[in-house]
There are 4 protein chains.
Amino acid sequence: MNYGFCENRPFDLIAIGRACIDLNAVEYNRPMEETLTFSKYVGGSPANIVIGASKLGLRTGFIGKISNDQHGRFIEKYMRDLGIDTSNMVFDTAGHKTGLTFTEIKSPSECSILMYRESVADLYLSPSEVSEAYVQKTKVLLVSGTALSKSPSREAVFQAIQFARKNDVKIVFELDYRPYTWESPTETAVYYSLVAELSDIVIGTRDEYDILENTIDGQNERTATYLFRHRPSIAVFKHGVDGSYAYTKDGDVFRVQAYPSKVLKTFGAGDSYASAFLYALVRNEDLETALKYASASASIVVSRHSSSNAMPTIEEIQHIVSVHA
Amino acid sequence: MNYGFCENRPFDLIAIGRACIDLNAVEYNRPMEETLTFSKYVGGSPANIVIGASKLGLRTGFIGKISNDQHGRFIEKYMRDLGIDTSNMVFDTAGHKTGLTFTEIKSPSECSILMYRESVADLYLSPSEVSEAYVQKTKVLLVSGTALSKSPSREAVFQAIQFARKNDVKIVFELDYRPYTWESPTETAVYYSLVAELSDIVIGTRDEYDILENTIDGQNERTATYLFRHRPSIAVFKHGVDGSYAYTKDGDVFRVQAYPSKVLKTFGAGDSYASAFLYALVRNEDLETALKYASASASIVVSRHSSSNAMPTIEEIQHIVSVHA
Amino acid sequence: MNYGFCENRPFDLIAIGRACIDLNAVEYNRPMEETLTFSKYVGGSPANIVIGASKLGLRTGFIGKISNDQHGRFIEKYMRDLGIDTSNMVFDTAGHKTGLTFTEIKSPSECSILMYRESVADLYLSPSEVSEAYVQKTKVLLVSGTALSKSPSREAVFQAIQFARKNDVKIVFELDYRPYTWESPTETAVYYSLVAELSDIVIGTRDEYDILENTIDGQNERTATYLFRHRPSIAVFKHGVDGSYAYTKDGDVFRVQAYPSKVLKTFGAGDSYASAFLYALVRNEDLETALKYASASASIVVSRHSSSNAMPTIEEIQHIVSVHA
Amino acid sequence: MNYGFCENRPFDLIAIGRACIDLNAVEYNRPMEETLTFSKYVGGSPANIVIGASKLGLRTGFIGKISNDQHGRFIEKYMRDLGIDTSNMVFDTAGHKTGLTFTEIKSPSECSILMYRESVADLYLSPSEVSEAYVQKTKVLLVSGTALSKSPSREAVFQAIQFARKNDVKIVFELDYRPYTWESPTETAVYYSLVAELSDIVIGTRDEYDILENTIDGQNERTATYLFRHRPSIAVFKHGVDGSYAYTKDGDVFRVQAYPSKVLKTFGAGDSYASAFLYALVRNEDLETALKYASASASIVVSRHSSSNAMPTIEEIQHIVSVHA
């Protein structure tokens, strides 16, 4: 299937947004108060997605701002070592820190996080730090919703979107909603709908689409109808254990079930889902296959301890898909 | 000529943005340091435009936030007394003050202003204070660029635009660029281009279009080409004493000269221009006539002491046009 | 009487704090909404006090930050023309504006003000802009309470106090409480008591002392006892039309009645009171005379339109005192 | 020796300031970029000092604000389990987070820290949350310099100092200077000198006293002379491996050498020093013994991995002192 990606681009996927640090409880199945040791990983939705995509074989790059300290340097080196192009990752010169996420795993179904998002470096990426020459080198620009939550990162994303539209780069909007740093639900809805209307593909959970529409009982059908009045041609709705759906502007609807998994924690499921989905699209697989890859990838990551390190290979994904065919 | 305005709407024009106080030097032709008395007027570009349009006979309304003090009450009453609907003007409950503009008239060609725009009430209008039921009552929504300069006013404008598009309300974007409160030129360009691409008609000086394009040597032809790739169908370029131009998506270009005037000061010229231009459009006059009305209106206001109080009647405008025909 | 002022100092009085603009209603005895013209004066408590003291013949100087615009330049020139040393008035380089006070005179007993105090220049005076060489040139340093309401002005005042104590400069603390910009009553009480304990003379209304003590039913006797456990040797309590009291560490108490006056408005009474009181002290008049001068000065200013321009001469003051002797 | 502590107080020592989280590198002797695991401890100078003092047998309490999350609850429980009274530790209700310190141990002599201090809960302790009834229950109030670095914590400290002075509680000022969150060196010097002048005992490194005096080449003799013109009666100057000095208002000077130690890292040395010094004073040991206890305590903590957990017992301290007698 052909999704209209421009050929002859040096990158398949460039993401814009946050690259942070996850501090995962080493001793788990208990409240975090009783955890005394934490393991350090690269985290943050768009970073995880390019890490996953890179492991699957896509040529990837990242646009973002990181702290000029031990954490920022760790992130940049980790991503570079995986083959991700980090030439457009900017070190913050104003002393802003890397965002942190402490994870708490009380039980497979009771996970929570403790986030440090106050004045973090990623939200200080400015529009003048986004390069049109760089954006035009990719087939796909992945935009993460959290990067819209505060200025100047918000404007940097709009700048990247403008460059992408001007240069026939497909825009994928991963809603990635985090309540932190947003001022109000109406503010979120304003920017989520603005960006969704300008994107080619939108991916999110049903709850995240409700945030976008500032409603509490949204329906996929209605959401898709709204989006298809604008630029999007594909909308993906994730319903957790109930599987996920892809709607197309042509009127098709696809659904796949979630694959069974021995769940350790729920973090990272969405990021691994998106990376495998985008991998399949770039490889011109049909939409149903893309949903299966996405779902298989998520089922693997939830059984492992980290998000970024846990990203599967294409062989692992295809193995799961074939076993459940 | 038919511009596609929806008929059967109770309002011709609703503006969103700031309504402020002008304090004009009573003793002028001197530096403000030597001025000891000031006269108080309602001011602020979108307020002036609806005041002008109301005087010309349009049915108008205003969406904005004003201070809950003597200045805010003065503004609301002044506009209400002129027949402007003020039901959607909200009093600020957080103690923010009305913006102030002290005007200095050293000579007709040397005018400057001293603005108080720090934490002013108009920039605190929030998206939840914009009513879809109200926006859908008008033919035209006028958006003022300065209202984009800070959150939450910025999001309130995007909310109004979304309501306007959904309800077939024509969007007019008056660039109205003021350097205050903007963080950077790239930030301004990001929001100006986003809103311009979503508007039906764009009005600005050549300098303001350069701000929108983040360039220093823009050309009308090129700007119009860019805009017409998106939603706009008319773009008006003002060149001060060198007259003004209207470009249309259909490929027409109109030009009118500035009318001669005994200039007292230059303030208010742009606002009176816009109000007469929109009046003509709503009355389905052709574009050349609209430009003439606009130009005549500006020539009258620059010869008078205030901006809002000085707005002319239709007879005064038509008199000037006919004299110079 | 000898108050221990150092002789051989080039200045009698240097004040630290705000110098602002008053915009007084030209048409009064009505709500401000109906006032259309305003007269411009220099204002702000410590500025008014040095203006008053300068008119009485004291050698005065001022430490403060003013806006680098028409208003700031007007203030500096006005004060310089009166003979006040302005060499330590600093122009703000960060774009902060001069504070404004619009006055409303509904009737002699119903006066109110509308203040613009958001990010005003005077509150940005920094401790590094206070010169020890300058502070040591004066007999008296006048500290205005409002200058404590925000950093870095707050630290600039503490710096000036430290220099004053080190160089045997008497510190006079005029409580000058304005609710604007303070975060909480406890914050105000913390700094007011810190500064009062470090001062030699404290002047305030009974209400202001209640703010200092964070109480609602303070008594002069108790307040004086508290203050005299620390550095102060004189405490002045103003009770409006009921007159005023001076307590001394030695146990004396003096009282004078308010002089009758044809009141136009109440603004400026406190500042004229302080300037005449300090004039008398510097001239080594006894405390009772100082209270009389203060009271007479206040009775004159409340009968006139402005605060700064209205400051009386010593002859005018002595005339009133002698008439009512 | 008698230092004038009030007898019959239920607490020996109450500290005010920050209680935070240390995340110490599990794999050390390398850059933090290569550390993948961190151990969690309670940290923050005043928390460490009361922890150390509590282990030595003092009856202790803590005044501070902690985050209402897993980190805040961990801190409160850890301190309570050690017997520290936590009844005046307040949970933040505005979402502020606990401060974090990641420690990097490249070598025993190359240690650095990466601090998260942006909008942390401890700096939001407000003056109204400090109880006079609580402060008057202790012999000693320990004030930590970092708590002065921002409002409202700064005012909370001034409030506590006022209560202490009013109720004959001895005030110990541990300079504990951290560059984070201070606006300028002059701001720091203003508040450090204000508080030092109000304290009974001041403890700091020579570098920290230079900060207090806003100088670069301070001398202990001169500093002591300055302090003794005000309230302090003892000043302790720490010179790292070169030992430390105690000056008294009576003119005595004591010095002790640093004890030899197998240094793992330098963190926590100052806090263990202060806790043992204060323990000795409360037990009415002479000043030379207090310096020895302090020095011995520091030599133990620098040989261990954490700061808080590593605090020694009195037997361990006395053993070192006796071995080197």
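The values are calculated or read from the model by the stated rules, or taken from the named source; none is laboratory data. A quick note: this is a predicted structure, and the numbers were derived from the prediction, not measured. Note: ideal-geometry Cβ built from the backbone for every residue, glycine included; neighbour counts use all protein chains shown.
Inspect the range A:129-149 for any residue being of a type outside the set (S, T, N, Q), within 12 Å of another protein chain (Cβ to nearest Cβ), assigned to a loop (DSSP other than H, G, I, E, B) and surrounded by fewer than 23 Cβ atoms within 10 Å (Cβ to Cβ) and give the result as yes or no. No, the range A:129-149 contains no residue that is of a type outside the set (S, T, N, Q), within 12 Å of another protein chain (Cβ to nearest Cβ), assigned to a loop (DSSP other than H, G, I, E, B) and surrounded by fewer than 23 Cβ atoms within 10 Å (Cβ to Cβ).
Return the residue satisfying two criteria in turn: it lies in the range D:96-121 and is out of contact with any Asp or Glu (no Cβ under 9 Å at 6 or more places or on another chain) and not hydrophobic (A, V, I, L, M, F, W, C), and of such residues it is surrounded by the most Cβ atoms within 10 Å (Cβ to Cβ). Walk me through it before giving the result.
Pass one, the range D:96-121, residues out of contact with any Asp or Glu (no Cβ under 9 Å at 6 or more places or on another chain): D:105-109, D:115, D:117.
Applying the additional criterion that residues be not hydrophobic (A, V, I, L, M, F, W, C) yields D:106-109, D:117.
Details: D:106: 16, D:107: 12, D:108: 16, D:109: 8, D:117: 21.
That would be D:117.
Going by the conditions given, is residue A:233 at pLDDT 95 or above and either touching a Pro at 6+ places or on another chain (Cβ under 8 Å) or crowded, with 21+ Cβ neighbours inside 10 Å (or both)?
On the way: at pLDDT 95 or above: yes; either touching a Pro at 6+ places or on another chain (Cβ under 8 Å) or crowded, with 21+ Cβ neighbours inside 10 Å (or both): no.
When the stated conditions are applied, residue A:233 does not pass them.
The residue that is nearest to the chain's Cα centre (by Cα), counting only those in the range B:152-190 that are in a loop (DSSP other than H, G, I, E, B) and facing chain A (nearest Cβ under 9 Å), is B:152.
For every residue, the table says whether it meets (1) surrounded by fewer than 24 Cβ atoms within 10 Å (Cβ to Cβ); (2) out of contact with any strand residue (DSSP E or B) (no Cβ under 9 Å at 6 or more places or on another chain); (3) at pLDDT 95 or above.
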site	(1), (2), (3)
A:250	yes, yes, yes
A:272	no, yes, yes
A:278	no, no, yes
A:316	yes, yes, yes
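With respect to the conditions (1) modelled with pLDDT under 95; (2) in a helix (DSSP H, G or I); (3) of a type in the set (A, V, I, L, M, F, W, C), residue D:74 falls short on a single one, namely (1).
Given the structure, is residue B:77 under 19 Å from residue B:266 (Cβ atoms), basic (Lys, Arg), surrounded by fewer than 21 Cβ atoms within 10 Å (Cβ to Cβ) and within 14 Å of another protein chain (Cβ to nearest Cβ)?
Working: under 19 Å from residue B:266 (Cβ atoms): no; basic (Lys, Arg): yes; surrounded by fewer than 21 Cβ atoms within 10 Å (Cβ to Cβ): yes; within 14 Å of another protein chain (Cβ to nearest Cβ): yes.
No; evaluated as a whole, the condition is false for this residue.
Checking each residue in the range A:90-111 for being touching a residue at least 60 places away in the same chain (Cβ under 8 Å), part of a strand (DSSP E or B) and within 14 Å of another protein chain (Cβ to nearest Cβ) picks out A:100, A:101, A:102, A:103, A:104, A:105, A:106, A:111.
Please go through the range B:284-325 and give me each residue that is of a type in the set (Gly, Ala, Ser) and assigned to a helix (DSSP H, G or I), ordered by number. Let's see the steps before the verdict.
Just the residues of the range B:284-325 that are of a type in the set (Gly, Ala, Ser), to begin with: B:290, B:294-299, B:303, B:306-308, B:310, B:322, B:325.
The answer is B:290, B:294, B:295, B:296, B:297, B:298, B:299, B:322.
So if I check each of C:73, C:117, which one is touching a residue at least 60 places away in the same chain (Cβ under 8 Å) and not aliphatic (A, V, I, L, M)? Step by step, each of C:73, C:117 is checked, and only C:117 is touching a residue at least 60 places away in the same chain (Cβ under 8 Å) and not aliphatic (A, V, I, L, M). Condition (residue is within 14 Å of chain C (Cβ to nearest Cβ), in a helix (DSSP H, G or I) and either touching a residue at least 12 places away in the same chain (Cβ under 8 Å) or over 19 Å from residue B:124 (Cα atoms) (or both)) applied to the range B:3-24: is it met by at least one residue? No, the conditions are met nowhere in the range B:3-24. Can you find a residue that is in contact with a helix residue (DSSP H, G or I) (Cβ under 8 Å, 6 or more places away or on another chain), surrounded by fewer than 21 Cβ atoms within 10 Å (Cβ to Cβ), touching a residue at least 24 places away in the same chain (Cβ under 8 Å) and within 12 Å of another protein chain (Cβ to nearest Cβ) anywhere in the range A:200-216? Checking the range A:200-216: at least one residue is in contact with a helix residue (DSSP H, G or I) (Cβ under 8 Å, 6 or more places away or on another chain), surrounded by fewer than 21 Cβ atoms within 10 Å (Cβ to Cβ), touching a residue at least 24 places away in the same chain (Cβ under 8 Å) and within 12 Å of another protein chain (Cβ to nearest Cβ).
Please determine whether any residue of the range A:113-126 is under 30 Å from residue A:31 (Cα atoms), out of contact with any Lys or Arg (no Cβ under 9 Å at 6 or more places or on another chain), charged (D, E, K, R) and not in a helix (DSSP H, G or I). No, because not a single residue in the range A:113-126 is under 30 Å from residue A:31 (Cα atoms), out of contact with any Lys or Arg (no Cβ under 9 Å at 6 or more places or on another chain), charged (D, E, K, R) and not in a helix (DSSP H, G or I).
Test residue D:261 against the criterion of being part of a loop (DSSP other than H, G, I, E, B) and either out of contact with any Gly (no Cβ under 9 Å at 6 or more places or on another chain) or of a type in the set (A, V, I, L, M) (or both), and give yes or no. So residue D:261 fits the description; yes. Considered as a group, the residues in the range A:280-314 that are among the hydroxyl-bearing types (Ser, Thr, Tyr) and farther than 27 Å from residue A:40 by Cα include one that is surrounded by the most Cβ atoms within 10 Å (Cβ to Cβ), and that residue is A:293. The residue of the range C:26-43 that is farthest from residue C:177 (Cα to Cα), among those that are more than 10 Å from every other protein chain (Cβ to nearest Cβ) and either outside any loop (DSSP other than H, G, I, E, B) or among the hydrophobic types (A, V, I, L, M, F, W, C) (or both), is C:42.
Say whether the condition of being facing chain D (nearest Cβ under 9 Å) and surrounded by 24 or more Cβ atoms within 10 Å (Cβ to Cβ) is met by at least one residue in the range A:44-66. Steps first, answer last, please.
Quick first cut of the range A:44-66, residues facing chain D (nearest Cβ under 9 Å) only: none.
Looking through the range A:44-66, none of the residues is facing chain D (nearest Cβ under 9 Å) and surrounded by 24 or more Cβ atoms within 10 Å (Cβ to Cβ).
Within the range A:13-26, not a single residue is surrounded by fewer than 22 Cβ atoms within 10 Å (Cβ to Cβ) and under 19 Å from the mean Cα position of the chain (by Cα).
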